[in-house]
1. Would you point out which residue out of 153, 143 is in contact with a helix residue (DSSP H, G or I) (Cβ under 7 Å, 6 or more places away or on another chain), more than 23 Å from residue 207 (Cα to Cα) and part of a strand (DSSP E or B)?
2. Quick check: anything in segment 205-212 surrounded by 13 or more Cβ atoms within 10 Å (Cβ to Cβ), under 21 Å from the mean Cα position of the chain (by Cα), modelled with pLDDT of 95 or more and not in a strand (DSSP E or B)?
3. Of everything in segment 1-21, what is assigned to a helix (DSSP H, G or I) and either free of Cβ contacts under 8 Å to residues at least 60 places away in the same chain or under 18 Å from the mean Cα position of the chain (by Cα) (or both)? Give them in sequence order.
4. What is the number of the single condition among (1) assigned to a helix (DSSP H, G or I); (2) over 26 Å from residue 213 (Cβ atoms) that residue 119 does not meet?
5. If a residue must be outside any strand (DSSP E or B) and more than 21 Å from residue 150 (Cβ to Cβ), how many such residues does segment 178-197 contain?
6. For segment 192-202, state whether one or more residues are under 19 Å from the mean Cα position of the chain (by Cα), touching a residue at least 12 places away in the same chain (Cβ under 8 Å) and not assigned by TED's automatic domain parsing to the domain that holds residue 87.
7. Kindly state which strands (runs of 3 or more DSSP E) lie completely within segment 22-94 and contain at least 1 residues that are crowded, with 21+ Cβ neighbours inside 10 Å and touching a residue at least 40 places away in the same chain (Cβ under 8 Å).
């Protein structure tokens, strides 16, 4: 069995009893960064081997992992934070498992865009999750395709590119479009701000921004 196990996005208490149970029972754990994951495992006294699995090696190791699963190994896949497969590695391995009939179980758990969306006050009945915006190739095409999107749009962004991305949204969606920025979710200095894109740009230009970012943008009326 391959288990996809969500991990806390900040506060280590946001971890389920079932997740701890699964990680204690598998043969080994796949993770993005062994240093980051070791802190979580130590906190819950989980003593299982960690094996690197990230965007730079997943194509190379996927066949080997399928072989081990086929031989009867139970493997858990975790990420540095959040749910595997949501802007994090998982898809290739899950697809390979499905192709040969291996069972896959995804545990429910932390995902950054859900609390950000609910907290925003922007309509959440219909939305599209876009993840990270392409740095260069495909950016213009993506933005043009979203210019008339009527559903709420959700994006991930790094603190270094936050203001530049808000300015990009302003140029395609207009300065008055409502949006929300959430950062440091579940942590001590969590910040959630909903306002026009213009005012969000002013606010975040005037301060040093840290932490992972979720941006929620209202759809076109």
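1. 153 is the lone residue from the list that is in contact with a helix residue (DSSP H, G or I) (Cβ under 7 Å, 6 or more places away or on another chain), more than 23 Å from residue 207 (Cα to Cα) and part of a strand (DSSP E or B).
2. For segment 205-212, residues surrounded by 13 or more Cβ atoms within 10 Å (Cβ to Cβ), under 21 Å from the mean Cα position of the chain (by Cα), modelled with pLDDT of 95 or more and not in a strand (DSSP E or B): absent.
3. So the first thing to find is which residues in segment 1-21 are assigned to a helix (DSSP H, G or I), and the list is 17-21.
Passing the criteria: 17, 19, 20, 21.
4. Looking at each condition in turn, residue 119 falls short on (2).
5. As a first pass, look at segment 178-197 and keep what is outside any strand (DSSP E or B): 184-190, 197.
Okay, now just the ones that are also more than 21 Å from residue 150 (Cβ to Cβ), so 184-190.
So the answer is 7.
6. Looking only at segment 192-202, we keep the residues that are under 19 Å from the mean Cα position of the chain (by Cα), and these are 192.
Retained after the next criterion (residues that are touching a residue at least 12 places away in the same chain (Cβ under 8 Å)): 192.
Add one more test, that the residue is not assigned by TED's automatic domain parsing to the domain that holds residue 87, and what stays is 192.
Yes, that holds for at least one residue.
7. Working: elements: 28-31, 50-52, 75-77.
Strands (runs of 3 or more DSSP E) meeting the threshold: 28-31, 75-77.
Listed here are the residues, each with its yes/no results for (1) surrounded by 15 or more Cβ atoms within 10 Å (Cβ to Cβ); (2) farther than 22 Å from residue 212 by Cβ; (3) at pLDDT 95 or above; (4) within 16 Å of the chain's Cα centre (by Cα).
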site: 115; (1), (2), (3), (4): yes, no, yes, yes
site: 139; (1), (2), (3), (4): no, no, no, no
site: 144; (1), (2), (3), (4): no, yes, yes, no
site: 153; (1), (2), (3), (4): yes, no, yes, yes
site: 165; (1), (2), (3), (4): yes, no, yes, no
site: 168; (1), (2), (3), (4): yes, no, yes, no
site: 179; (1), (2), (3), (4): yes, no, yes, no
site: 182; (1), (2), (3), (4): yes, no, yes, yes
site: 188; (1), (2), (3), (4): no, no, no, no
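The values are calculated or read from the model by the stated rules, or taken from the named source; none is laboratory data. Note that the coordinates shown come from a computational prediction; the quantities given were computed from them, not determined experimentally. With ideal geometry, Cβ positions are generated from the backbone for all residues, glycine too; neighbour counts draw on all protein chains shown.
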